[in-house]
Amino acid sequence: MVKFIHTADWQIGMKAVHVGSVGETVRAQRLASAQRVVNTAIENHADFMIVAGDTFEDNSVDRVLVQKVADILASFPKPVYIISGNHDPLVPGSVWEHPAWSSHPNLNIAREAKPIELENVTLYPSPLFEKHSLVNPVRWIDASNNPKISVGLAHGTVSGASHGVIDYPIDREAAKITGLDYLALGHHHSFATYPSADGSVRLAYSGAHETTKFGERDSGNVVLVEIHSKGSTPVLTSIRTGGLTWRTLDETVTEVDDMLRIRKEIEALGDLEHSLVELKLAGVLHQAAQGELTRIQELLQARFLYGRYDASNLLPSPADETWLSELPVGLMQSVARQLHHWTDPAHVGERSALASPDVATRSLLELYRLMQEQSS
Amino acid sequence: MILRSLTVKGWRCFVNETKVGPFDNGLNIIHGPNGIGKSSLIMALTRCLFDSHNVGGAGIKAIRSWGRELSPTVAIEFEQGDEQFKLFKQFLVSPTAQLSRKEDDKFVPLAESRAADDRARAILSGEASSRGVSDQRHWGFAQILWAPQGNLRINELASVPRATIQDSIGSQITGIGTEDLENKISEAYSQFFTRTGKIKRTGSSSPPIVDLQSRLKTEKERRESCRQQLQAFETASRRIEDLTAELKQAKQSEAELDSQLKTNREQVEKYRKLTEQKKQYQLELSSAEDRYNAIVERITAIADAETEQTEISQKHKLLSNDLPTLEKIVEQDLKASNNAVEQLKKTRLRRADVSNSRAIADLAERFTRNNESFAKFNKQIEQLEIVTDELKELRASRAKIVAPDKLLLKQITKIARNRDDARLRLNASLIRVKVKFAKQTTIDITQAEQIGRQTTQEDQTLDIGGSPDVVFTIPGVGHFSATGPTSDFAKLHNQFESANSTFLELTSGFGSDDLATLEARHAEAESMDHLISNTEVKLDALLNGATLEQLMTKRSHAKNILDEIISLYPAWKQTVPNLDETARDAEDIEFKYNRDIDDAETASDSAKAALKRSEESLANRKSEIANLRSRMSATEKTLQSLQGDGLNHQARIERRLQVALERDAAIGKLKIVNERILQLGDDPAKSQRLLEEQLKAFRTTVDSANGKLNTETGRLEQIIADAPYSTLAASEEHIASLENQILQQQKQMDAIQLLYETVICEKSEVMNALVDPIGNRANYYLNRIVGSKFQKIDFDESLLPQCISPDQSIGGVDLEQISGGEQEQVHFAVRMALADIAFPKDRQPVVFDDVFTYTDASRLNRIANILEESAERFQIILLTCHPERYRGLANAKFFDLEEIVNHKTNL
């Protein structure tokens, strides 16, 4: 019987361009999540931990981060086995040359592809030595005749797991082919398993321990792996470690009240300081709902760790011309009508280069704002 | 509003109270001469309506009566709606304003001071001036309706009349709040953009986007720097990988080479020892060989010496036997040689025959040559003598002919012609009297060319010539005198005498003065000269550059040679020798001589050579014999020396065998050593040097690679210390944040810009709609005044004319470019058009102060017609110094200001 934690893709020091000014917080949260991973391993009495690559976003990250990660991992009282990934390959100047690794006896950096013999387990680590390669990293493994429980660590792309650029391709049946009881993978940020023909799962991505971006599903977890004996089916348990909540709200506005509903929904969201919220609005904007829209903007910016909204698909309601009558007659109403025409993407009349529906909408809003200022 | 009267006092030229009115509802003409105060009235009207009563400054002081300290006052009575008002104002001293309304036929105060000012201005929607007196901008509707002296042009339409016109047209461009909102839009726009539509880039008022963009630029530069560092990290990392591999390879090679070098060193030592052994064995062998060779040589030398002794002895005997034979041969050869020499001497004696025959041949040739020369000279001298004689004869004949040469003859001929001409002229000047005597008589000529007495014969005719008179007396006959025409006889005579004298002088040496004779002689002399010349040429040709004496000397020389040769060979006197024959004889003799001498010399040389050879053979033989004797003696000595080792022959043979065994033993040892050396191959010391060099090179490579590795590692560590990725991450996040802010700003700016541009565009369209009715109305008036000369007046957003188009084909012409009169007419048409549109219903006063300064009479008539028609809708008040121009207006009411003023003054 062996029990261990499988994690990967910590990508410490990663860029968070998509969240702009809170990037530093997001980065800090990945370190906090790393500590949660260790805590999870301790709580579950894991025999050891394996980190299947991409612990760091890049080899040239700040060395302070390297020290912090090493210290966090060292807080686990049992061995930790780490392989390098395509983001942090074993090259001269890599993070793995940092003295922190050798200062903690429980940390084991696999510096070559050769078996590591434990008491009742043999580990087959496949560290990566370059960023890109089309070589199957587990091709060297042959555990078919190993009487001990055989666990592989690799970093690559399981066939069919990604439609993007394929690096380090790994066969779906790699565990069976190599005779491994379990192949722990890194690279894919979502928790994913690949059952064999007999239904047993011997190959899985743990996913990133902390969600990386909006729209990333099943991330922010580690996998607790339990294998009773050689050849027995591993038992996988996904355990949440992520500290941030990335929420994407896709909302369609049709009625004046919809904007109010949305605001209330947003106000009802919990865990505000650890939430990153993206609101995508589509549909029509009634002038009466302008205030709600402004309120929502304020809510998003003030209440959450990070909030943003996209109202580019929100067009002024064609039927909502009530406020136009409040404008001074003549020129201003004429201007408003022209702008209103331009807010319609289907408008076939003359359109100045600047007058995209989005800009025209904003222009109308500006006119409305100025009118409000004047009347007040 | 209808003006009813205007009263001024203490106002510029109006010291006393002067009231003009009551004005008619229609057309009013106020007229008077210049300086009477027409413009002062207009000024009073505007100051009263639009200026505050307590206004200060130079402008209001100018209204005071000149040279007086009076308080200027003005009062206007007018109707507004159905009510009548009176507005009174006093300026400068105790300023006062009062607006009264007529109530029960009395004017009752309605407002005073500032309230009166404000209400007065409101009548025509005027505005208070913020500083000093008002100007046209503050006049409200009066800006359109009232034109000060000579200035119909409106420079800038104030907002109120403009709004009124716009409202009147119905375009609600400036609906309530529009202007404020438009200003707000402009204000919002101006926060971001300049007037020219560019983003404000500088100054404190520049929009946040400028700073954001600047920060973005800086951040992008930082990002680029990070990227470069990342690239440098990659490069350094790869370089370290390469260098590590290179170093590993070099170290491996170094280790291999080191091992190889160690092995090689052992081989070198082994090789060295074997080589030393070899040298030892070589020395041993050499010694054995030396000893063996020595004994072998001694044995051989003794045998050789003994053999030589025998051979020399035998040879000496043989050679000694041949000596007499050789001596005999020498004797024979000596004899043959002497014979040959003798024969040669004999042959050489024939050399004289050869010389003789050659001398005869030469002499024959010389004889023949001299003989020919002599004949030639002889002949030449004979010819010379003949020609010389001829020449002498010719020269003698020529000497006899006395004739003028060609030049002299020419002179003589010329002088003769002159003389004859003089004679003819002289004769022509003479009076000639021919007297034929019937009998002998005498005649005394007293005046004639030749005077004197002459005796004449019977039938003799005497020709007497003279000049100017011929006078002669024939005794018994009478005294005759003939007189002819006077001429210069003496001069002619002198000319003749001069010519004749010259002629005689020139011909005096030739014995004749007959010109024909002289010419004949000249021809004869010339012919002779020619013959002499030809003969001289002939003589020169014969001499051919020599003299006769020289030729005769040469002939004599040839003759002497011939005589000398003939003295030797007398036969040649008779028979000239045959040159060919003598030459052939000489050659034959020489040929035979040469052949014989060659043969004799050859024979002599052969004999001498044979003698020499035999003598040499003899000498050699003798020398050889002597040599053999010497060798025999030497061999004897050598033999004695070789045999002086104290050994006999047998002992020497045994010794040779012993030494040979010693030598073979040495060869055997050497062979073994050589084989061992061969087994080692080439001298390992050479490989040693090479290997050491290679090792050195490898160590250099390792050192170099180590150095580079250290450098790269240092560089990499430096880059790592900067944490470029982390810096890049922060930078890109900052950039994203900035870009997002810029995007938001840009969107807002785009929105504001679109809003502003839409306002401008819409406004422009509305303005166009607004301008059209004004233009149409103004063009209507202008057309009535000037006809179709101008197509149209062009207006812009200011609602004022900008240019005028003469016709469709020509674009707009600036108003300044048309005549002064036409400018007046255009501005009149515009004012009337604006007034029509602004006040379609309300009757308002139109006041023009002498504004048609440059307009001609016919167009002024048309203007007057328009004014008369307009008086149906407006109250028209014209101020002019030319009332006659408007006399045709039947409904006009005239006010003679001069009369009004004078009347008041009189009062």
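Can you tell me which residue within the stretch A:342-367, out of those that are of a type in the set (S, T, N, Q) and within 27 Å of B:Gly177 (Cα to Cα), is nearest to the other protein chains (Cβ to nearest Cβ)? It comes out as A:Ser363. Residues considered: B:Ile735, B:Ile760, B:Ile720. Of these, the only one that is under 60 Å from the mean Cα position of the chain (by Cα) and facing chain A (nearest Cβ under 9 Å) is B:Ile735.
Of all residues in the stretch B:740-754, those that are within 16 Å of B:Asp211 (Cα to Cα) have Cβ atoms under 8 Å from Cβ atoms of residues that are of a type in the set (Gly, Ala, Ser) and surrounded by 18 or more Cβ atoms within 10 Å (Cβ to Cβ), 6 or more apart or on another chain, in B:Asn740/A:Gly20. Which residue is nearest to A:His189 (Cα to Cα), if the candidates are limited to the stretch A:228-268 and must be assigned to a loop (DSSP other than H, G, I, E, B) and of a type in the set (A, V, I, L, M, F, W, C)? Looking at residues that are assigned to a loop (DSSP other than H, G, I, E, B) and of a type in the set (A, V, I, L, M, F, W, C), I get A:Leu244. If we scan the stretch A:309-326, do we find a residue that is part of a helix (DSSP H, G or I), in contact (Cβ under 8 Å) with a residue 40 or more places away in the chain, over 20 Å from A:Glu251 (Cα atoms) and not basic (Lys, Arg)? Yes, the stretch A:309-326 contains a residue that is part of a helix (DSSP H, G or I), in contact (Cβ under 8 Å) with a residue 40 or more places away in the chain, over 20 Å from A:Glu251 (Cα atoms) and not basic (Lys, Arg). Of the residues examined, A:His87 is not one that is more than 26 Å from the chain's Cα centre (by Cα) and not charged (D, E, K, R).
Going through (1) touching a residue at least 60 places away in the same chain (Cβ under 8 Å); (2) not in a helix (DSSP H, G or I); (3) not hydroxyl-bearing (Ser, Thr, Tyr) one by one, B:Ile667 falls short only on (2).
Residue check: B:Ala769 meets all listed conditions (1) of a type in the set (A, V, I, L, M, F, W, C); (2) in contact with a Leu (Cβ under 8 Å, 6 or more places away or on another chain); (3) farther than 19 Å from B:Gln825 by Cα; (4) more than 7 Å from chain A (Cβ to nearest Cβ) but one, namely (2). Within the stretch B:251-273, the set of residues being in contact (Cβ under 8 Å) with a residue 12 or more places away in the chain and β-branched (Val, Ile, Thr) comprises B:Val268 only.
Give the number of residues within the stretch A:60-70 that are under 17 Å from B:Leu716 (Cβ atoms) and more than 7 Å from every other protein chain (Cβ to nearest Cβ). Selection size over the stretch A:60-70: 1.
Is it fair to say B:Thr442 is of a type in the set (Ser, Thr, Tyr), within 24 Å of B:Asp420 (Cβ to Cβ) and over 60 Å from the mean Cα position of the chain (by Cα)? The answer is no for B:Thr442.
Just name the residue that is farthest from the chain's Cα centre (by Cα) out of those in the stretch B:152-182 that are at pLDDT 85 or above and part of a loop (DSSP other than H, G, I, E, B). The selected residue is B:Leu152. Taking the criterion of being at the interface with another protein chain (Cβ under 9 Å from one of its Cβ atoms) and part of a helix (DSSP H, G or I), the residues of the stretch A:1-25 that qualify are A:Val17, A:His18, A:Val19, A:Gly20, A:Ser21, A:Val22, A:Gly23, A:Glu24. Residues considered: A:Glu226, A:Glu251, A:Glu267, A:Glu273. Of these, the only one that is surrounded by fewer than 17 Cβ atoms within 10 Å (Cβ to Cβ) and at pLDDT 90 or above is A:Glu267. Only residues that are closer than 18 Å to A:Ile109 by Cα and modelled with pLDDT of 95 or more were counted across the stretch A:130-140, and they come to 2.
Considering the conditions (1) farther than 19 Å from B:Ala751 by Cβ; (2) within 8 Å of chain B (Cβ to nearest Cβ), A:Leu370 is excluded by exactly one of them, (1). Considering every residue within the stretch B:849-861, establish whether at least one is modelled with pLDDT of 85 or more, assigned to a strand (DSSP E or B) and aliphatic (A, V, I, L, M). No, the stretch B:849-861 contains no residue that is modelled with pLDDT of 85 or more, assigned to a strand (DSSP E or B) and aliphatic (A, V, I, L, M). Of the residues A:His98, A:His155, A:His189, A:His104, the single one that is buried (at least 20 other Cβ atoms within 10 Å of the Cβ), out of contact with any His (no Cβ under 6 Å at 6 or more places or on another chain) and not aromatic (Phe, Trp, Tyr) is A:His189.
Taken over the stretch A:335-363, the criterion of being within 13 Å of B:Glu757 (Cα to Cα) and either among the hydrophobic types (A, V, I, L, M, F, W, C) or part of a helix (DSSP H, G or I) (or both) is satisfied by A:Val335, A:Ala336, A:Gln338, A:Leu339, A:Ala353, A:Leu354, A:Ala355, A:Val359, A:Ala360, A:Ser363.
The values are calculated or read from the model by the stated rules, or taken from the named source; none is laboratory data. None of these values were measured; they are calculated from a predicted model. For neighbour counting, all protein chains shown are included, and Cβ atoms are generated from backbone atoms with ideal geometry for every residue, glycine included.
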